[in-house]
1. From the phi angles alone, apply the Karplus equation (6.51, -1.76, 1.60; θ = phi - 60°) to segment 12-26 and give each ³J(HN,Hα) in whole Hz, x where the residue is Gly or Pro.
2. Can you give the extra length, in nm with one decimal, that the chain gains between residue 31 and residue 8 once fully stretched, where that is 0.36 nm per residue apart less the Cα-Cα distance?
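Every number here is computed from the coordinates shown, using simple stated rules; none is lab data. Since this is a predicted model, take the numbers as computed values, not measurements.
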Amino acid sequence: MSIKKGKRLLDEVKDIMRLKHYSIHTERSYCDWSNDIFNTTK
């Protein structure tokens, strides 16, 4: 899988999760968790 220039990290995560048929609820939880981690490490 190639990463397109200018694509956000969370968009890449969502694409991979959809490719692996994860639940939309799991996708939201992972993205919320990632946002929390990224926002606290700045």
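1. For segment 12-26, the Karplus-derived couplings read 5, 4, 4, 4, 5, 5, 5, 4, 8, 6, 6, 5, 4, 5, 5 Hz, x marking Gly and Pro.
2. Fully extending the segment from residue 31 to residue 8 adds 7.1 nm.
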